[in-house]
1. Looking only at region B:223-244, decide whether some residue is part of a loop (DSSP other than H, G, I, E, B), among the hydroxyl-bearing types (Ser, Thr, Tyr) and under 18 Å from the mean Cα position of the chain (by Cα).
2. What tally of residues in region A:587-628 results from selecting those that are in contact with a His (Cβ under 8 Å, 6 or more places away or on another chain) and assigned to a loop (DSSP other than H, G, I, E, B)?
3. Give me the helices (runs of 4 or more DSSP H) completely within region A:657-736, filtered to those with at least 3 residues that are within 14 Å of another protein chain (Cβ to nearest Cβ) and at pLDDT 95 or above, ordered by residue number.
4. Is there any pair linking a residue in region A:635-652 that is part of a loop (DSSP other than H, G, I, E, B) to one that is among the aromatic types (Phe, Trp, Tyr), with Cβ under 7 Å and at least six apart or on different chains, and which?
5. Which of the strands (runs of 3 or more DSSP E) contained wholly in region A:120-238 include at least 3 residues that are touching a strand residue (DSSP E or B) at 6+ places or on another chain (Cβ under 7 Å), of a type in the set (A, V, I, L, M, F, W, C) and at pLDDT 95 or above?
6. List pairs: first in region B:231-245 and more than 8 Å from every other protein chain (Cβ to nearest Cβ), second part of a loop (DSSP other than H, G, I, E, B) and charged (D, E, K, R), Cβ under 7 Å, 6+ apart or cross-chain?
7. Working carefully through the options B:VAL82, B:VAL131, B:VAL113, B:VAL53, find the one that is part of a loop (DSSP other than H, G, I, E, B) and more than 14 Å from chain A (Cβ to nearest Cβ).
8. For residues in region B:179-204 being within 19 Å of the chain's Cα centre (by Cα) and outside any loop (DSSP other than H, G, I, E, B), which is farthest from B:GLY218 (Cα to Cα)?
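The values are calculated or read from the model by the stated rules, or taken from the named source; none is laboratory data. Everything quoted here is computed from the prediction, not taken from an experiment. Methodologically, a virtual Cβ is constructed for each residue, glycine included, from the backbone with ideal geometry; neighbour enumeration extends over all protein chains shown.
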Amino acid sequence: MRIRRAAVLGAGVMGAQIAALLSAAGVRTYLFDLPSDAPPADPKLAKAVDKNFRSTRSVLAIEQLKELKPSPILSELTLAGIIPVNFEDDISVIRDVDWVIEAVVERLDIKQPLLKKLSEYHRPGTPITTNTSGISLGKLCEGLPESFTSCFFGTHFFNPPRYMKLLEIIPHDGTDPALMADLAEWIEHRLGKGLVEAKDTINFIGNRIGVFTIQSTFQHTDELKLNFETVDALTGTIMGRPSSATYRTVDVVGLDTYAHVARNVYDLVPNDPYRNAFKAPQWMAGLIEKGHVGQKSDSTGCYKKIKNKGETEILAYRPESGTYEPQNVQDFAWMKDVKRLDLVKRLQTILGQNDAGAQLIWRVLRDTFAYSALLVKDIANGKPMAVDEAIRWGFNWEMGPFELWQALGYEKILQRMQAEGIKLPSDFDKVTFYKPAPGTDEWELTGPSSQWNFLDKSFRAVEKSQHHIKLPTSGTSKDPRVVLKNEFASLVDIGDGVAALSFHSKMNTLDLQLLDLVQKALVVTNDQFAAMVIANDGPHFSAGANLQVILQAIMKKDFASIDQTLRHFQATMQLIKYSSFPVIACPFNLTLGGGCEVSLHAHRQLVHIETYAGLVEVGVGLIPGAGGTKELALRAYRTAGLGDTYKPMPFLQRAFMLIGMGKTSTSGANAIEMSLYDYATSTVTFTKDRQTSQAKFMAIEMLQRGFSPAMPVQSVAVVGDPGIQTFKMMLYNMVQGRQISEYDAFIGERVATVLCGGEVDRGTKLSEQQFLDLERRVFVELCQQEKTAARIEHMLKTGKPLRN
Amino acid sequence: MKPVYIISPYRSAVAKAFRGSFANKRPDDLCADVIKGVMAKTPTLDPALIEDVVIGCAMPEAEQGMNIARFALLLAGLPDSVPGMTINRFCSSGLQSIAIAYQQIAAGQAECVLAGGTESMTMIPMMGHEVVGSREVMTEHPEFYLSMGLTAENVAKDYKVSREDQDRFSFESHQKAVQAIEKGLFKNEIIPVEFEHRSLGKNAEAVVKRGILMQDEGPRVDTTLEALAKLRAVFLTGGTVTAGNSSQMSDGAAACIVASESFVKKHNLKPMARMCGFSVAGVPPRIMGIGPIEAIPKALKLAGITMKQIERIELNEAFAAQALAVTRELKLDPKMINPTGGAIALGHPLGATGAKLAATLIHGMHRDNQKYGIVSMCIGTGMGAAGVFEKV
């Protein structure tokens, strides 16, 4: 399937954001809304709308994308590719598009006539999907011709669509399965979404189970007489869920919106035995009545943000008194100890306790398990994995209900539920949900090989996409593909002569032991493979060098060892850069400092769209010392060399801003647009699941085209001391204007020193190695400063930069 | 010294830099148009008798490099025999060029010189296209490189000029300028200048749109004290100097004829003023804005008159902070300063400003029948300049 043009109907918050996502993926997207009869009265708006006042609503929706937080804007393409149109003048556009997404207001009486109108313009074979989160699809397309209804199904994006991986795909009885599968493949490949097939039932999978969990938490909060903030402390990261937990999540969503979703379930599931759980609690109704609906109403809802002597304080609501009080999180004896445990061990420990906190966690888990068990047949075609994936991808839980239940001990949980009189479907005392791959007891490798299907009551193989190459996330993996490993990284044979170098240290920080493996891996790849991919399936590409090690050396004043370490780092990066085989880096999520330097030294970067990359060393009082400063400098000089006159300063200034301000990209595309990655060597991918596989194909393609290794740069004419003085001039004014600290300027001057090639005459010629020597000299100089030590210490303690 | 007269002081309207009418008008073309205008207003003057053309320009490079004075005079159609020189003393360049002409004539070295200034801040950024720092300066005297905005902050601090006072001063500058335009007070001093904008048409042909600028673009009818108060300090975090109480970036040019008494008589010229004194002075670079405090008394002394005799002052409003500090330190009567608004409203085309203010001052003194007036300004890296004029 090829989607070159799409139409999104309804320029609400969801519609506009879906359009933004499509547009960033290179799809020309028409954003429809109701027509306007006159230009807006506000002259500023009128100017924005210009001549297209008939489509004012869409124009303004596109404008508002700029203000939304978190930002839906992935790249410069995002806004350029959305075309504002209106239902009245432009409806015939529908004939030309390859996909139509309906995202208008959630009302049957509005959606139905719109779909009828669409059916008149529908090009046969074009998918028409609805983003409804609650209305039955069968009803929506009732009475429309078969050529239309066969192309009609649900594509339910989660908010915010840029960031949420889940996309529920929902057929109705008449949907053409082949067409749906084609679009599903396109969505996964090009938008990077995780697809879960749901049945056409109320609120589908994610919202049905997710909302139930919140409702059940409300109920147990009340029964166990706990306050909101304590429950949020319990139901957040401790349970492997987002830190916004329960009540804060509701504040973010909006109490009114949330209550509407819950109410929808209540109204439409008369036979659900848990139906009463979906009733909004009284306190919530009360708050909504007062207009206190959370973040959007002056941050007053379950919590209230106030200013107290200039300090922001967040008070918590007390349903019993109807007042906001200072927070008072109840402490439970086990709380401190469980934090260092992994999720399963943590919950197992907690379930062995019996205080109110442990009780709450148990009861919420118990109810969620029981409700999922009850519904899996009806909402998820009997597949536990559909429920687990929907909850993981749509609500950012670490584990979904079934996999968590099984991991905690299927029998144990079942017995405790039964002892408490929880009713389960009859087939539940006979099975577990997943079986691991044959001959192994590790899910980590490839996930479960089969899942119990509750509809046909048998284990069915889990379909594995050929595009998903999974990489080991620990050194203890028994993965037979692993060629080389230590605790921090592995080299994995991913087939077709390509090896994957996968980091798996904590946050994938880099230290000498990891570098040792990298060096060995380069040797092994040289001997046994044709190409290397640097990728991993952890949470981040790499958060940078291990600061702890640097700080220890600073404390011991062992600067010689810092110099030695840096030599090792630099040499490793150079080995990557000048390897005899192609190396492709796959940055994603945090790609900072040393991690970013690794990616900069690869021959190509296949950048995931959600990449927050940057050379952020100045935040800890250092400069990129593993060749990162050198790389940006060399690129600046090389680019300047393309001109008839050689003027490196403007390019060096860009590099200086990137390093000196420690700029981090807002997306993968942005990392290229801000020229951190070279547009000539880097490409963006939307799908994390396929990133490794795609990188492998890139490597193969490079080999087939005839890859020839590069040679170290021998001679670059630098700007020298006059350049440094020019940067100093800028820094001086920033200090005088109190925009940066004296020490920021001190570091900035050192960044400039490397970029400009040292305090030498203009035009002096330097080799790549001399740039590395400068990097090291400056890095060690900075390590000798007390303020750098203070910055590193502060970062390690608080995770935030210190501006001293 | 021989008396020296100013004939035909005129200026272009001042356009906003970047988005204004002169954004694509080269400063040499602009200057040539103004010279043509000055010549047209001086019909009895044979151009071949002009002995030199002195043009001030603060960033004489790129479009305004190549000795722009010579290019501008040739473009204006003056004969090949007329020489030209470009001079630079930053923001006083346009006044300095008149002063050089004045000094040549007073010393008996010339009879008739054309003087003026031109600047396109759109085309050449402040500090020029390529700034290169000096090791010596950065090591020993970094304050030489202090940005102009920060020097204004220093002046505000040293001379205790409040944010409120700066904003009020700026508001009044706009009010005065708007009223002056409404009353048509600038009509006599402005030479209409043609400009063009080029874009690509439907058939990929260049489409040229032409216009004539006859009115200053800077003054804002809708400026309010509240709006000015909301602006954030741009140079110093937590400071007082904002985009609203600083001069605007502009494009413009101005020129006049400077001649001896005998030359005026012989060629039947109609002088509008006599230049009676000019002076420059140095001050610490970190508070460059106070330059006029030193320059004005010096110039008055050279002119042999006292401050009491002065009825009108065009004091360049580089920043409200420094204009107020100068006014207060010299105990000047605020009413006589910039009665038709200053650079905060009307713009500050660096090298053209001195000649532009001279035109505004001299035409203003004629309108209001005033005898003595001053043009003065502060200058980057810590200087001040002042010129004293007598209406004739």
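1. No, the conditions are met nowhere in region B:223-244.
2. The number of residues fulfilling the criteria is 3.
3. Working: elements: A:668-673, A:691-705, A:720-736.
By residue number, A:720-736.
4. Cβ pairs passing all conditions: A:PRO648/A:TYR637.
5. Details: elements: A:128-130, A:152-157, A:166-170, A:194-197.
Because the criterion is at least 3 residues that are touching a strand residue (DSSP E or B) at 6+ places or on another chain (Cβ under 7 Å), of a type in the set (A, V, I, L, M, F, W, C) and at pLDDT 95 or above, the strands (runs of 3 or more DSSP E) in region A:120-238 that meet it are A:152-157, A:166-170.
6. What qualifies is B:THR242/B:ARG232.
7. Details: B:VAL131 fails: more than 14 Å from chain A (Cβ to nearest Cβ); B:VAL113 fails: part of a loop (DSSP other than H, G, I, E, B); B:VAL53 fails: part of a loop (DSSP other than H, G, I, E, B).
Every option except B:VAL82 fails the conditions.
8. To start, the set of residues in region B:179-204 that are within 19 Å of the chain's Cα centre (by Cα) comprises B:180-181, B:185-193.
This time we only want the ones that are outside any loop (DSSP other than H, G, I, E, B), so: B:180-181, B:190, B:193.
On the way: B:ALA180: 13, B:ILE181: 11, B:ILE190: 15, B:VAL193: 16 Å.
If we take residues in region B:179-204 being within 19 Å of the chain's Cα centre (by Cα) and outside any loop (DSSP other than H, G, I, E, B), then B:VAL193 is farthest from B:GLY218 (Cα to Cα).
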